[in-house]
Each structure stands twice: as C-alpha cells, then as structure tokens.
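Right, one structure below, let's go through it.
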Amino acid sequence: MTADLILAGDWATTKQNYLINLSGENLLVNFEGSIKYKNSKQIRKAGPIISNSNLPEFKNVILHLANNHFTDLGFRNALDNISMFKKKRIKHVGFGKSLSDSRKELILNIKNKKIAIIGCCEPQFGVSNINRGGVAEVGPWIIDKIIKLKKQCDYIIVSIHGGLETSPWPMPETRDLYRSWINAGASIVQGHHSHIPQAWEKYNKGYIFYGLGNFCVDPENWKDHKNNLWSIGIELFFKKKLVVKVKNYEIKKNNKFVSVTPAKNNQRYKKYFNIVNSNFKNEKNLENIWNELSLQLFNFFGKKYMQWTLSPIKIQAKNIVKTLLKWKIKPNYIYYYHMLSLDSHRIMLKNATSILCGEKSFRSKKKIKKLIKNYCYF
Ligand SMILES: [Fe+2]
C-alpha cells in the first residue's frame, strides 16, 4: 500500500549513490547539512561541520531544514540551497531569511486534507533572531501556531530537531514539552537528531516520536553503534480518519549504492522497543535513567566543555608561571554557548549539578547502569 506521506529521520549523505526503496507519494525528511556551493564559508561553532552530497530522490520530497548543520557552511550557502530547492520545486520548512520567515509553516494538500508542518530545532549555532535569518528555534510560538492552525487545517505535524543524541530515552522535560504540543492540538510530533531510534508513544489524540534515528547515511561513517543504521518510518494514510503505520527502515550498502528499505524481519526491533518503550512509560525508571545518564554525560563531556575540570589549585600548579604573572583562564565562549543553548546540554548540566550539590537525591542502581551500557552510546 502506498503511503500518502512518510515521516523520516536524518538524511546526511557523503559521495555515494543512494536509493530510497519505499512506497509513498511524499517524504518529509530532516536534511542534515546543506549542499556545498563554491563561495561557502564555514561558520565558527562547536561540533562537526556537515554538508550533504545528495538530495533525496523521491516522488515528492519535503525537506526539514531547522537543524544544527544546515547553516554550517554559512548563511549565503544556505540561501544558495534555497534557490536550488525553488528551481527543483522542492518544498521545505524551518529556515528563512528572517525570524518570521523561518517560523513559517508549510501547508500540504493531500487527498483533500490540509496538513500543516511546523519546523523547529533546539537553540544552537545558526538560529534566526530579530536581526537575522536562519533556522527556527523552538519556543512558546509553537503552541500559539498550533492553536491558530488548528482552525484552518485537518492535521498538524510538528517536526523538531533536538533531544539527546546518545540515548533512546528522551529527557522528562522533552516528554513534557512534546506532550504539550499534542494537548494544544498537534496530531504528530516528529523528532530527529538522536541518530538512534528513540521511544515513541500514542498520547492523548496524537503520536509522539521522540527520535526517528538515521534515515539515510553512509554506513562507513556510522560504524560506532549497532543502532545507527536503522530507523523508524512513520507512514501516514489520509483516509476518512488518519491511519498511522510505524515501520522500521534499514540502511544497507552494496557495491553500487546505499539503500533504504523496509525491514523484512522486525523481531530485533520489536525487542528493542519492548525495552525502550516500557522503561519510557515507567515514570520512575525514566527519572532514574535520566539521573544516571546526566551524571555520566557530565563526567564524559559536560564539565570539560564548561572548563570545570580543574580546580583553581590544580590550575595554579599546572600553569604556575602564567598564574604568577597574571591570573587568567581564557573562557571558551563557543563551548559555553554550545553547552548552554541546546536544551539537552543545558538540562543535563542542571540535572547533574543538582544531584552533585545535594539538591536532588539520587542513588545509582545496577539495573539502570546496565540499561545505559546496553542502549546508550557515547
Ligand atoms: Fe543534528
């Protein structure tokens, strides 16, 4: 059966041939990184610079652009991509020449139904503001827009690039935020950025997919974790009522191309979601997972990026000459912004420090540590 609209995860391609072997009319995918043009100029940022070598080839492609890489090669290069999309009649959402332009919803008309798509991402390098264009940062405007669009459209999809990259479990704060959008009238929340499939749920009258995973990437670049090369695909059928089918797609490579196809054997994925979704639904378990994970992430990279790794005494011993001459530690504002802007980083710092200072009580449990060891990667 041909899906009317497929919602997919991250598209990040290198120089390969790619084949999307799916049955559908329209495909909404997160386009993680722009195509590189001649006069591109990398922005200053923390984290890798990513560009896409290929556009997805599908009957009708819709690109979600609000992500942490679409502006990596500069605003000019992003605008060159927009011109190319226009020429190719490729629809897109989540990027604009101004703040209001970046927040503009995309309206699709499929089978006499009006479907609104809102695109946004967690705050990070390249977001639009009152003085410049860029990618749309998530904020209270989403609720206002959902309420407004509810009167004009049959369905609303909120597509968001954000959340924890390292875990199949979203933070409790992310869960509460996405649920508030469903409560306001959204039909589906399509999360991406996690690079591994995350928990999903039917909630109130809608569906929330916290992270779909990698839809199409070069397997060579993603060998580090066993869950990088498959994803959740949401197949939508606009019948009298909306029919939602949750599929699993696999990325495979042969001599000639990298392909994305529906999984033939779903046993492995069923097992995965039995563990992931049941722990997500158990509020206490989710809280314990998040507490344990935030402490581990804090030790792994949080305190290093915030330059909290050395005590002043150790700094004095290490840099004795400098210290004697002048007490000075140069702050790395790029890393500070990287840690304080992204909700997932900022909330990790908050949660870890709240446990470490004794504000929040938490005791590590073997069972939770084992879950994190088996299902998270960092
Ligand atoms: Fe991302």
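What follows is calculated from the coordinates using simple rules that are stated; it is not laboratory data. Because the structure is a prediction, the values reported are computed rather than measured. Here the Cβ positions follow ideal geometry from the backbone for every residue, glycine too, while neighbour counts run over all protein chains shown.
Laid out as a table, the results:
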| read-out | value |
| --- | --- |
| Proximal aspartates and glutamates to residue 241, defined as alpha-carbon separation beneath 12 angstrom and excluding residues fewer than eight positions away on the same chain | 154 |
| Residue-span extension gain [residue 223 to residue 266] - 0.36 nm each, minus C-alpha spacing | 13.4 nm |
| 220, 122, 287, 201 arranged by Cβ crowding within 10 Å, fewest neighbours leading | 220, 287, 201, 122 |
| Derived scalar couplings ³J(HN,Hα) [segment 279-293; Karplus, 6.51 cos²θ - 1.76 cosθ + 1.60; whole Hz; x for Gly, Pro] | 6, 5, 6, 7, 4, 5, 4, 4, 5, 5, 4, 5, 4, 5, 5 |
| Förster radius 30 Å - calculated FRET efficiency between residue 41 and residue 359 (Cβ-Cβ, nearest 0.05) | 0.10 |
| Residues in segment 123-153 reached by a label modelled at residue 204 [backbone nitrogen below 17 Å; 7 Å Cα→Cβ] | 139-153 |
| For segment 11-26, Karplus couplings with θ = phi - 60° (6.51, -1.76, 1.60), whole Hz, Gly/Pro x | 10, 9, 10, 10, 6, 9, 9, 10, 10, 9, 9, 10, 9, x, 8, 10 |
| Nearby lysines by direct alpha-carbon distance to residue 271 (threshold 20 angstrom, same-chain neighbours under 8 apart not counted) | 202, 226, 245, 247, 281, 367, 369, 370, 373 |
| Cross-link table 41/223; 15/38; 87/253, entries beyond 27 Å C-alpha to C-alpha | 41/223; 87/253 |
| Within segment 1-84, trypsin sites (Lys or Arg not before Pro) in DSSP loop having at most 12 other beta-carbon neighbours inside 10 Å | 15, 38, 41, 44, 59 |
| Taking 280, 215, 95 and counting other C-beta atoms within 10 Å, the order from fewest to most | 280, 215, 95 |
| Residue 256-residue 309 FRET efficiency (beta carbon distance; Förster radius 56 Å; 0.05 resolution) | 0.75 |
| Exposure proxy ranking, count of Cβ atoms within 10 Å, fewest first, for 348, 84, 339 | 84, 339, 348 |
| For segment 220-298 and segment 1-60, distance of Cα centres in Å | 19 Å |
| Residue 241/residue 54 FRET efficiency (R0 30 Å; Cβ-Cβ; nearest 0.05) | 0.25 |
